[in-house]
Amino acid sequence: MEKTLRQLIEASNRIVFFGGAGVSTESGIPDFRSVDGLYHQTYDFPPETILSHSFFCSHTEEFYKFYRDKMLVLNAKPNSAHLTLARLEQEGKLLAVITQNIDGLHQAAGSQNVLELHGSVLRNYCTSCGKQYDARYIKDSSGIPRCSCGGIIKPDVVLYEEGLDTVTLTRAINAIARADLLIVGGTSLAVYPAAGLIDYYHGNKLVVINKTSTPADRRADYVFHGPIGEILGGQ
């Protein structure tokens, strides 16, 4: 299994990686849809409701209570999958990392061309004046974090009911269309429009790496079921 993937990587020079929550769970960051993910835990409101634009506007303090507790895992470290992808980019073989994650671990591992479809917890901005704040400021704040101007600070993440950044989405589509090897890893491919990005790949080396089956397994050229850190990290 690992030998097959290694041979694919060695024979490719325009690799694109498209990943989701499963890439970061091995770094200790909880996902949403696994058996022990956030959707299976009990809160006053469902996580999908809390992490929505309308809830942020109407229940801002409750939003931040959940957000600080569950979304800001600032001590997480990159795992072997992150490090392998960074190395492949440094070797000139990997065009881009496209991620649904908001934790910044790909950049922490050394990846440069990271397309963050859903934004990043590391960036926060005042909704009034636009002043930038880091994640530590949010983590250490209480109640509703406010700017020095008095405005409410919002994480630069794409909440439910919000659209993806069109520039990032276009760059992701272009990268996938150019890829000679597309590796899809650690994602259930359940969230759209991100999950639809693989439709822009027209090559014959579509690799899916995930612990469980995905809707893309039947169309993939190669499928590996297991922890992505073990499978990709061994390359």
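The values are calculated or read from the model by the stated rules, or taken from the named source; none is laboratory data. The structure displayed is predicted, hence computed values, not measured ones. All Cβ positions, glycine included, derive from the backbone under ideal geometry; neighbour counts span all protein chains shown. In case anyone asks, the SASA skips ligands and DNA or RNA and just uses the protein heavy atoms, side chains included. Shrake-Rupley method; radii C 1.70, N 1.55, O 1.52, S 1.80 Å.
Scanning residues 5 or more positions from Phe18 or on other chains, those with amide H under 5 Å from its amide H are Ile98, Ile183, Val184, Gly185, with H placed 1.01 Å from N in the peptide plane. Taking the Kirkwood radius as Rh and the Cα radius of gyration as Rg, the chain has a ratio of Rg/Rh equal to 0.98.
For the range 15-22, the Karplus equation 6.51 cos²θ - 1.76 cosθ + 1.60, evaluated at θ = phi - 60°, returns couplings of 7, 10, 10, 10, x, x, 4, x Hz by residue, with Gly and Pro reported as x.
Shown for the range 84-184 is the translational diffusion coefficient from the Stokes-Einstein equation, using the Kirkwood radius over Cα pairs, a temperature of 4 °C and a viscosity of 1.567 mPa s: 85 µm²/s.
For Val157, the residues whose modelled amide H falls within less than 5 Å of its own, excluding neighbours fewer than 5 places apart on the same chain, are Ser120.
Listed by chain and number, the lysines placed with their C-alpha closer than 25 angstrom to that of Lys139 are Lys65, Lys70, Lys77, Lys131, Lys154; residues fewer than eight positions away on the same chain are left out.
To the nearest ten degrees, helix 80-90 and the longest principal axis of the Cα atoms of the chain are 70 degrees apart. Computed log10 I(q)/I(0) for the range 113-234 at 0.13 Å⁻¹: -0.68, from the Debye equation with unit scatterers placed on every C-alpha and solvent omitted. The listed residues Lys205, Lys154, once ranked by accessible area (1.4 Å probe) with the largest placed first, stand as Lys205, Lys154.
Mark the label point 7 Å from the Cα of Lys93 along Cα→Cβ and return the residues of the range 200-229 whose backbone N is within less than 15 Å of it. Flagged as within label range: 207. On the basis of the beta-carbon distance and an R0 of 41 Å, Lys211 and Arg14 show a calculated FRET efficiency of 0.90. Computed about the Cα centre, the dipole magnitude for the range 42-183 is approximately 380 debye when only Lys and Arg (+1) and Asp and Glu (-1) carry charge, each at its Cβ. Legend: calculated FRET efficiency, Ser141 to Arg6, from the Cβ-Cβ distance at R0 = 45 Å, rounded to 0.05, equals 0.45.
With everything on Cα atoms, drop me the angle between helix 166-178 and the longest principal axis of the chain, reported from 0 to 90° to the nearest 10. Approximately 10 degrees, to the nearest ten.
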